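Undergrad: Here it is, the structure in full.
None of the figures in this text is laboratory data; all of them are computed from the coordinates on show. Remember, it's a predicted structure, so these values are computed and weren't measured experimentally. Every residue, glycine among them, receives a Cβ derived from its backbone with ideal geometry; neighbour counts consider all protein chains shown.
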Amino acid sequence: MQITESLLWKTLNEIPDPEVPVISIVELGVVRGILIQEDKVVITMTPTYSGCPALKAMEEQIIAKLTAEGVDKIEIKLIYKPAWTTDWLSEETKQRLKDYGIAPPPKLTASHILPMLKDKSLVQCPFCNSLETKLTSQFGSTACKSLHFCNHCHQPFEHFKCH
Amino acid sequence: MINTDSLKSYCLRLGDNSLILGHRLSEWCGHGPVLEEDIAMSNMALDLIGQSRGFLSYAAKLEGKGRTEDDLAYLRDAREFVNCMLVEQPNGDFAFTMMRSFLYSVFAYLNFSKLVNSKDETISGLAEKSLKEIIYHYRHSADWVIRLGDGTTESHQKIQQALDELWSYTDELFEMDEVNEVLIKQGIAFDLKNLRAEWDQLVNEVISKATLKRPGDNIYKSKGGIKGIHTENLGFLLAEMQFLQRAYPGAKW
């Protein structure tokens, strides 16, 4: 079968995020580009967080998946610019996170840096939609999430940090 | 023309700061006072080690001798490390660790805020990434400084002691030499002197909220990390961090 860019995007879109399997690595926005060259396919990726341990797992899965698709030589390039942002998650993806029990990130504002330093804004509970929640910890089970507790339905939950 | 040697030295400084603080925080893994803090410190360690990977691999590429970021992390001796002495100080108690992270992350936050405008594409990209992460470290450590300072008599005394002990290492954050001069002229790095006033303001804001007393400046202030001068603590840290690659060169798993 002829290997085309759109076919490869579709193939990569079938790879779930190793830590949040409800969304794919393409929906997450870490796959930045696919370039088909004469002798190889070059995939450019950007990490969500500098030290994200899932990156290695993603690379391995990309290689496995594309090899199965008949691509012989794959090169994975890591880029840092533009830096990954949660704004690359589509509304549909965010909804899927919420259905999965993870409070999705709000949209970043233009001058987000300073407000973020003081930001204590409330996160909506993904289960009962209440705003009566509190932050348990800014760091959660993965680099991209924080821990919260809902005082209304008494459920602990995770929040995909605005980044 | 871009001075590759200066750029490499500069990347080593940025990378070593993150690597050494990241390693220190990783020592807390499994020893945190509560589960959430154990996770938080491990998360921050991951961020920092990830940042250092970016800077060190760029330094290795600029050097062009076929070394990798791992070679730079595991096979250099203490005198070749160019981190500031603040980050190599042993963890001490939880208050000490939080104060060390706080003093460093205020500086790193200001420094990365400038470096996003660096004319070097790689540095500005890594800075943009690191900045987002360091904001969380800053908030986390500042929260704890306030909570402990404005807490019980014992917690107040411990965090004040941490501040007093670490104060000797704060001037060094702003130390510069000819490497900086060269890169400042090219718009790759920025004058650290210009960060000082803002650092003072942000630090003062938090320590006054924490009801702490800012130490006087008529004490001994360390200098020379960027020249490879360190406290004895770095050697012990490296002995542990580098053990495996030193004992089993080239080991992989």
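Undergrad: Taking each residue in B:123-136, count the Cβ atoms of any other chain within 10 Å of its Cβ, then average. What number comes out?
TA: Averaged over the peptide's residues, the number is 5.
Undergrad: Could I ask something else about it? When B:168, B:130, A:130, A:50 are ordered from fewest to most other Cβ atoms inside 10 Å of their Cβ, what list results?
TA: Ranked by crowding around the Cβ, least crowded first: A:130, B:168, A:50, B:130.
Undergrad: Could you calculate the FRET efficiency of residue B:245 with residue B:79 from 1/(1 + (r/R0)^6), where r is the beta carbon distance between them and R0 is 30 Å, rounded to 0.05?
TA: 0.95
Undergrad: Sorted by mean Cβ packing within 10 Å, highest first, what order do the peptides A:146-157, A:30-41 take?
TA: Going from most to least packed, we get A:146-157, A:30-41.
Undergrad: Need one number: the % of Cα-Cα pairs in segment B:194-253 sitting beyond the 15 Å mark.
TA: 73 percent
Undergrad: In peptide A:139-148, how many Cβ atoms from other protein chains are near each Cβ within 10 Å, on average?
TA: 4
Undergrad: Could you give the angle, 0 to 90 degrees to the nearest 10, between helix A:54-68's Cα long axis and the longest principal axis of the Cα atoms of chain A?
TA: 40 degrees
Undergrad: How long is the gain from residue B:204 to residue B:152 if the chain were fully straight, where each residue apart is worth 0.36 nm and the alpha carbon distance is subtracted?
TA: Difference between extended and current length: 16.7 nm.
Undergrad: OK, next. Starting with the highest mean, order B:237-246, B:16-25 by the number of other Cβ atoms within 10 Å, averaged over the residues of each peptide.
TA: B:16-25, B:237-246
Undergrad: In deg cm²/dmol and to the nearest 500, what is the mean residue ellipticity at 222 nm of chain B if only DSSP H runs of at least 4 residues count, each as -39500 (n - 2.57), divided by the residue total?
TA: Estimated from H runs of four or more residues: -21000 deg cm²/dmol.
Undergrad: Answer rounded, prolate or oblate for segment B:111-225, using the Cα gyration tensor with square roots of eigenvalues a ≥ b ≥ c: rounded when a/c is under 1.5, else prolate when a/b is larger than b/c, else oblate.
TA: oblate
Undergrad: Can you give me the three principal axis dimensions of chain A from its C-alpha atoms, in Å, biggest first?
TA: Over chain A, Cα extents along the principal axes are 56, 31, 24 Å.
Undergrad: Taking only the alpha-carbon positions of the protein assembly as shown and ignoring solvent, what does the Debye formula give for the base-10 log of I(q)/I(0) at q = 0.07, 0.10, 0.13 Å⁻¹?
TA: So the normalised log intensities work out to -0.35, -0.73, -1.22.
Undergrad: How far is it, in nm, from the label point at residue A:7 to the one at residue B:217 when both lie 7 Å from their Cα along the line to the Cβ?
TA: 6.7 nm
Undergrad: Give me the tail of P(r) for chain B as a percent: Cα-Cα pairs with distance above 30 Å.
TA: In whole percent, the share of Cα-Cα pairs in chain B beyond 30 Å is 24.
Undergrad: If you don't mind, there's one more thing I want to ask. Using the 10 angstrom Cβ neighbour count as an exposure proxy, how do B:207, B:39 rank, fewest first?
TA: B:39, B:207
Undergrad: Per residue of chain A, what 222 nm ellipticity follows from adding -39500 (n - 2.57) for every DSSP H run with n ≥ 4, rounded to the nearest 500?
TA: Counting only the DSSP helices, I get -7000 deg cm²/dmol.
Undergrad: For segment B:187-228, what size does the Cα cloud have along each of its three principal axes, sorted from largest down, in whole Å?
TA: For segment B:187-228, the Cα extents along the three principal axes come out at 37, 26, 15 Å.
Undergrad: Summarise the partner chain shielding of A:49-61 as one whole number: the mean count of Cβ atoms from other chains within 10 Å of each residue's Cβ.
TA: Across A:49-61, the average partner-chain Cβ count within 10 Å equals 4.
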